[in-house]
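> Structure provided below as structure tokens; questions to follow.
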Amino acid sequence: MDLLLEGFQTALTPTNLLFAVIGVLLGTMVGVLPGIGPAMTVALLLPITYNVSPSSAVIMFAGIYYGGMYGGSTTSILLNTPGESSSVVTAIEGNKMAKVGRASQALATAAIGSFVAGTIGTVLLVLLAPTVADVVVKLGAPSYFAIMLLALFAVTAVLGSSKLRGFVSLFLGLAIGLVGTTTGQARLTFGRPQLADGIDIVVVAVAIFAIGEALWVAAHLRRKPLEIIPVGQPWMSREDWGRSWKPWLRGTAYGFPFGALPAGGAEVPTFLSYITERKLSKRPEEFGKGAIEGVAGPEAANNASAAGTLVPLLAIGLPTTATAAVILLALQSYGIQPGPQLFSAEPELVWGLLASLFVANTLLLVLNLPMAPMWAKLLQIPRPYLYAGILFFASLGAYSVNFAAFDLGLLLVFGLLGLAMRRFGLPVLPLIIGVILGPRLEEQLSQALAISQGDVSTLWGEPVAVVVYLVIVLILVGMVASRLRGGNGPSGPGGDPEAGSDASTDRERLSA
Amino acid sequence: MMYTRRGVLALAGALTVAGSASACGVTGGRQDASNRRLRMMIPNSPGGGYDQTGRAAAKTIEDNDLTGRFEIRNVLGASGTVAMQRLLNERGADDLVMTMGLGVVGAVFTNKSKARVSRMTPVARLIEDQEGILVPKDSPFESVDDLVATWKKDPGAVTVGGGSTAGGPDFLFPMQMAKTIGIDPRDVTFISYDGGGPLTTALLGSKIDVGMSGLGEFEGQIADGSLRVLAVSGKERTEMVDAPTLTEGGVDLVFSNWRGVLAPPGISAEQRRYLVDLFTTMHDTEEWREELRRNGWTDNFLTGDEFGDYLQEQDTRVETTLKELGLT
């Protein structure tokens, strides 16, 4: 505890506080822009390590990381344009909330949820970093394969009322995930080297969500009266708080361990959190129309995962995300080697960093919470201008990654797919999950089988994998049992309004 | 009427020509040799190996006022193939260089691209990085001999991991080593990891038997003893770790992962000389020594035709290796 207090002394010097503020602001900005992420920002700022002390640099980089995790949610909610892969899920409920005049509440629950999760995550980081890191390397490809399989299994819960449409969407996503040469073979690349590395999930999400919607609105603008987005309450009501706090905690519980796992990442826990909230909600009918739980959970999950990432980084020098890898590079350029000896060799740096994470979290809250009602006013812009702005913003983001016109073409193609999916009432979430999970599932499977040289029994050769398979079996048995008992299983009809509502509004729109 | 219209057209045409000529002047900076603006392409993301080397070189050049500013652009895609294609397309561009290395040579083959290194204008090889053979702390392998003996007995049973995809340095090194000790490269069990981080995880968890990679990302684990280095691949030992070279360990192979600078094909001899001189002057500065030291890079400078011959040799060698594996 004394060490942490000393850490706060390091973090709260005027210089370091300034670096934390710069980091948080920068992080929020790059989080907002699709295409530029925290990893790239930190990498471009690496040269400052020539002139700035290690503590200040690391404190700024951590601010960028946390800020990026938060910033992505703002555009997700307001413009349906996720800035980072970790805030893709936020767009699903968040943007629906914004459309019914609850943008302020969505932004607030995201900000507070991020703060809560980031703080709990940082506490866990302080407590666990020295001990937990050795455990995470024990997990190999078979365990990850099982975990990803479980996650894919969870998708069945969000397929929508029409199973057929849900599966069409899921398989579209898995097909998009096949593009690339990761297996050594060029698949679906059509001879374009630009497709060799696969298609970025952010490009897919921005295109399906933002471009698809802009095209849809443009196609119906003349035939439908203008929907005025009501101006709602600026702050979260008591009910909103009551509905948010549990998702915050559950999101944290998903995010932190996934962040700490070398192949975990921030995307999988966000949609696991979303699916859980949807299952547990007392008002499942609100999901798909703007349920606050669907924003609170995933936003907590992505921030907690950022904290989790620092566990293996600080404890054994193991970067588990691109951003962590660049932060490691920065440490190394100072001649500092993270690892078990880091806590004793560089106490000022480590505890200063940990304290600065608390500071960065508080700063994010202080900076963003008062902004929420202001941001929400953005939606008062007349629709043609608003959507033109969204199109511009999405294109800029896609173009900024590589400065290649090819990426804009890609954006448009997926935008048209998004339009078609709206037209035919296909739910978008299964597609997004397919794009995220497909390649990971495949990578872990091929890695496991490559190591075992084709011996399939390796897949249940790790204890964690066995436990996960048991969980899958239990879920299956539970589903079958409830189907037999009442015919209205957890994923049965009526349990899911999204696709149904999409389809019905679709019909309304057509007849209008 | 006709005359006036023609006059306007001629004037417009003249303006266009003048405009494009002056535009060339600005980008090419022909007038003042000491203040040219150059563009540098980097074929991987910020923070990656080529990026660090390219930006360090550009910074050294700028800080010493050797030329004007650099406009640096990361062109990602297919392990450098996309950037190589762009370099090829910018034939004759006199203000462009690209930082690249061995990995790009291989990627061009595995992606079946025609933008081979031998078609570009060689400028300079800057640095090299040795590959190391890494094993977990409690691995049964104590020396290169142990590894070679077990590997030869059952080539497929030794799982080798690397931080690059097929065609990258961490892939080429074990394949060439296997061939040197008489193992068919096709029998090697190679697991490709997405960079040093995942490879470290696999090694620490003993998921694979051996890891082959540049040692920079493993310093921490080597220092605290959780990973051991059986050998390094260079001609001489490196200061970074206490390990013998492969040749000392009885394997007749010297392998280095180099990085250097290329220019587009079709540039004038004068422009080529200018670029070679620029990087030679850069190489002689104190700041560059400091960059080498800071990043743990081994100086391995080579320019012009000699670098061209070296590229040719590397191109052929990589092609042979990949062809044997059926990857080209």
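> Can you tell me the dipole magnitude for region B:130-232 around its Cα centre, using point charges on the Cβ only (Lys, Arg +1; Asp, Glu -1), in Debye to the nearest 20?
Values: 7 positive and 14 negative charges, 43 e Å.
Dipole of region B:130-232, to the nearest 20 debye: 200 debye.
> Which helices count as membrane-span-like in chain B under these terms: full DSSP H, at least 24 Å along the axis by C-alpha, Kyte-Doolittle mean of 0.5 or more?
On the way: long enough: B:2-28 (38 Å, 0.86); B:304-324 (30 Å, -1.40).
Those that clear 24 Å and a mean of 0.5 are B:2-28.
> Hey, could you pull the Cα Rg and Dmax for region B:130-232, both in Å?
Computed over the Cα atoms of region B:130-232, radius of gyration and Dmax are 12.2, 35 Å.
> OK, next. Using helices alone, I'd like the mean residue ellipticity at 222 nm for the protein assembly as shown: each DSSP H run of four-plus residues gives -39500 (n - 2.57), total over residue count, nearest 500. Present the calculation step by step, with values, prior to reporting the outcome.
On the way: 33 runs with 500 residues, N = 840.
When only DSSP H runs of four or more count, the value is -19500 deg cm²/dmol.
> While we're on this one: So for the protein assembly as shown, taking the charge dipole from beta-carbon charges (+1 Lys/Arg, -1 Asp/Glu), which of B:78, B:198, A:394 sits furthest toward the positive end?
A:394
> Averaged across the residues of A:189-200, what count of C-beta atoms belonging to other chains lies within 10 Å of each residue's C-beta? It would help to have the intermediate numbers written out before the result.
Numbers: counts 2, 0, 3, 3, 15, 6, 3, 10, 7, 0, 0, 0.
Other-chain Cβ atoms within 10 Å of each residue's Cβ, averaged: 4.
> Quick one: pull the percentage of alpha-carbon pairs in region A:1-145 with a separation above 19 Å.
Details: 6457 of 10440 pairs.
Beyond 19 Å sits 62 percent of the P(r) for region A:1-145.
> What number results when the radius of gyration of chain B, computed over Cα atoms, is divided by 2.2 N^0.38 Å?
1.16
> List the relative contact order of chain B as a percent without decimals, with contacts defined as Cα pairs under 8 Å and 6+ residues apart.
Working: 599 pairs, mean separation 78.8, N = 328.
Relative contact order of chain B: 24 percent.
> Order the peptides A:263-275, A:192-204, A:376-388, A:4-16 from the highest to the lowest mean number of other Cβ atoms within 10 Å of their residues.
Answer by packing, highest mean first, reads A:263-275, A:192-204, A:4-16, A:376-388.
> Work out the FRET efficiency for residue A:5 and residue A:100 from their Cβ-Cβ distance, taking R0 = 41 Å, and round it to the nearest 0.05.
Numbers: r = 45 Å, r/R0 = 1.11.
Between residue A:5 and residue A:100 the formula returns 0.35.
> Provide the packing ranking of B:168-179, A:107-118, i.e. peptides ordered by the mean count of other C-beta atoms within 10 Å per residue, highest first. Mind showing how you got there, number by number?
Numbers: B:168-179: 24.3, A:107-118: 27.7.
Highest to lowest by the protection proxy: A:107-118, B:168-179.
> Still on this structure, please answer the following. Using +1 on the beta carbon of Lys and Arg, -1 on that of Asp and Glu, and nothing else charged, what's the dipole of chain B about the Cα centre, debye to 20?
Details: 34 positive and 45 negative charges, 392 e Å.
Value, rounded to 20: 1880 debye.
> Work out the mean other chain Cβ neighbour count within 10 Å for the residues of A:170-179 and drop it here as an integer. Present the calculation step by step, with values, prior to reporting the outcome.
Values: counts 0, 0, 0, 0, 0, 0, 0, 0, 0, 0.
Mean shielding by partner chains, rounded to a whole number: 0.
> Taking the Cα centre of chain A as the origin and placing charges on Cβ (Lys, Arg +1; Asp, Glu -1), which of A:481, A:69, A:436 is farthest toward the positive end of the dipole?
Checked the options; the winner is A:481.
> Same structure again: Over all alpha-carbon pairs in region A:241-400, figure out the percentage whose distance exceeds 29 Å.
Values: 4603 of 12720 pairs.
Looking at region A:241-400, the distances longer than 29 Å represent 36 percent of pairs.
> Within region A:402-422, list the residues whose amide N lies under 12 Å from a label point set 7 Å along Cα→Cβ of residue A:164.
Within reach of a label on residue A:164, which here means backbone N under 12 Å from a point 7 Å along Cα→Cβ, region A:402-422 contributes nothing.
> Here's a follow-up. Mind putting together the pair-distance distribution for the protein assembly as shown? All Cα pairs, 10 Å bins, whole percent per bin, short to long.
Values per bin, smallest distances first: 2, 12, 22, 25, 20, 12, 5, 1, 0, 0.
> Where the only charges are on Cβ atoms (+1 Lys, Arg; -1 Asp, Glu), what is the dipole of chain A about its Cα centre, to the nearest 20 debye? Can you show the working numbers first?
Values: 29 positive and 29 negative charges, 367 e Å.
Computed about the Cα centre, the dipole is about 1760 debye.
> How high is the relative contact order of region A:2-510, given as a whole-number percent (alpha carbon pairs under 8 Å, six or more residues apart)?
29 percent
> What ratio of Cα Rg to 2.2 N^0.38 Å holds for region A:90-231? Intermediate results must be reported in sequence, preceding the final value.
Values: Rg = 20.8 Å, N = 142, 2.2 N^0.38 = 14.5 Å.
Dividing the Cα radius of gyration by 2.2 N^0.38 Å gives 1.44.
> Taking DSSP loops as anything outside H, G, I, E and B, show the longest stretch in chain B free of GluC sites (Glu not before Pro) there with at most 12 other beta carbons within 10 Å.
On the way: sites that count: B:142, B:236, B:239.
Within chain B, the longest run free of exposed GluC sites (Glu not before Pro) spans B:1-141.
> Across peptide B:194-201, how many C-beta atoms of other chains are within 10 Å of each residue C-beta, on average? Don't skip to the end; give the middle numbers.
Working: counts 4, 3, 4, 13, 7, 0, 7, 13.
Across B:194-201, the average partner-chain Cβ count within 10 Å equals 6.
> Next question, about the same structure. State log₁₀ I(q)/I(0) for region A:274-363 at q = 0.10, 0.15, 0.16, 0.17 Å⁻¹ as given by the Debye formula over alpha-carbon point scatterers of equal weight, solvent excluded.
-0.40, -0.68, -0.72, -0.77
> Fully extended, how many nm does the chain gain between residue B:306 and residue B:179 (0.36 nm per residue separation, minus their Cα-Cα distance)? Don't skip to the answer; put the middle values down first.
On the way: separation 127, 0.36 × 127 = 45.72 nm, distance 2.69 nm.
That works out to 43.0 nm of additional length.
We did not get these values from a lab; they are worked out from the coordinates using the rules stated. Please read all numbers here as calculations on a predicted model, not as lab measurements. Glycine also receives a Cβ, built like all others from the backbone with ideal geometry; neighbour counts cover every protein chain displayed.
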